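One structure is given below, encoded as structure tokens.
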Amino acid sequence: MVSKKPHILNISKIKNNKKIIHEKKYLSDFSPLSGSEIDYNPSLWNDINSIKKSHNCYTYALGKIVKNLKNKAQPGYASGYNHISNKNFNCESFKERLRKDSPGTYLEKFDNKCLPGFYKIFLAIDPKNDYHWWRQNSDQYWSHKPGSTNVTNLDASNKLIKNPVLSNRKFKHRNYYEPCFFACIYSDLARSLDNIYTNS
């Protein structure tokens, strides 16, 4: 459950870390929690067919269920970015799009906890083909929503996800072999998707 305790958020002090991850070793099996992670509750996303079909990995990572969503949310579209083309299908481009959509977002290492109010997400890409987001839940495991399919906390080998970098990301139709970054986001700061995606 996302913490509702009041706290002061000073955006100017959030680090502007540009490092894209390449770590192979980690101090712990699990990434530490900030206390603001969202509970793993797949039924919220899976049981209503209109939600399951219209929401994707990005809305799931942002923790946003939008009523009457017409088109799947894409990184940067809510902030005025153009369509994602092959030339900007890279980790750096997605990082900037995420920061525009969710102000205050910052990159963080797996072994470090997020600031209070923030929780951790992860991005990997299948270059020039697709991208995919995961989020850490309050049980420390990671979960994701592949496109219009069900939310799951299992990787491509049907194993619980402790660390998405070390998990099997080679799925039937996509292989997200290039890890990009871990980031801490504050869901309530994410730009509203309602007016962007619900227009006919």
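Is it true that Ser143 is out of contact with any helix residue (DSSP H, G or I) (no Cβ under 7 Å at 6 or more places or on another chain), in a strand (DSSP E or B) and of a type in the set (S, T, N, Q)? Show your work before the answer.
On the way: out of contact with any helix residue (DSSP H, G or I) (no Cβ under 7 Å at 6 or more places or on another chain): yes; in a strand (DSSP E or B): yes; of a type in the set (S, T, N, Q): yes.
So Ser143 passes the test.
Examine the stretch 19-31 for a residue that is farther than 19 Å from Val165 by Cα and either at pLDDT 95 or above or outside any helix (DSSP H, G or I) (or both), and state whether such a residue exists. It would help to see each step written out before you state the result.
Within the stretch 19-31, the subset farther than 19 Å from Val165 by Cα is none.
No: zero hits.
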Check: Could you say whether any residue in the stretch 132-150 is touching a residue at least 12 places away in the same chain (Cβ under 8 Å), closer than 20 Å to Ser36 by Cα and more than 16 Å from the chain's Cα centre (by Cα)?
Finding: yes
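Quick grid of which residues meet (1) under 21 Å from Arg97 (Cβ atoms); (2) at pLDDT below 95; (3) acidic (Asp, Glu):
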| site | (1), (2), (3) |
| --- | --- |
| Leu33 | no, no, no |
| Asp39 | no, no, yes |
| Trp45 | no, no, no |
| Thr59 | yes, yes, no |
When Trp142 is run through (1) modelled with pLDDT of 95 or more; (2) surrounded by fewer than 20 Cβ atoms within 10 Å (Cβ to Cβ), the failure sits at (2)
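Among the listed residues Phe181, Phe122, which satisfies the condition of being farther than 24 Å from Leu44 by Cβ, crowded, with 17+ Cβ neighbours inside 10 Å, of a type outside the set (Ser, Thr, Tyr) and at pLDDT 95 or above? Spell out the reasoning first.
Working: Phe122 fails: farther than 24 Å from Leu44 by Cβ.
Only one candidate qualifies: Phe181.
Could you please let me know if Asn82 is over 22 Å from Tyr186 (Cβ atoms), in contact with a Gly (Cβ under 9 Å, 6 or more places away or on another chain), at pLDDT below 90 and surrounded by fewer than 13 Cβ atoms within 10 Å (Cβ to Cβ)?
Details: over 22 Å from Tyr186 (Cβ atoms): yes; in contact with a Gly (Cβ under 9 Å, 6 or more places away or on another chain): yes; at pLDDT below 90: yes; surrounded by fewer than 13 Cβ atoms within 10 Å (Cβ to Cβ): yes.
Yes.
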Here the residues within the stretch 127-139 that are at pLDDT below 95 and not in a strand (DSSP E or B) are Pro127, Lys128, Asn129
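Using the structure shown, decide if Phe89 is modelled with pLDDT of 95 or more and either among the aromatic types (Phe, Trp, Tyr) or farther than 24 Å from Pro146 by Cα (or both).
Details: modelled with pLDDT of 95 or more: no; either among the aromatic types (Phe, Trp, Tyr) or farther than 24 Å from Pro146 by Cα (or both): yes.
For Phe89, the condition - modelled with pLDDT of 95 or more and either among the aromatic types (Phe, Trp, Tyr) or farther than 24 Å from Pro146 by Cα (or both) - is not met.
The values are calculated or read from the model by the stated rules, or taken from the named source; none is laboratory data. Source: prediction; values computed, not measured. Please note: Cβ atoms are built from the backbone with ideal geometry, for glycine as well, and neighbour counts cover all protein chains shown.
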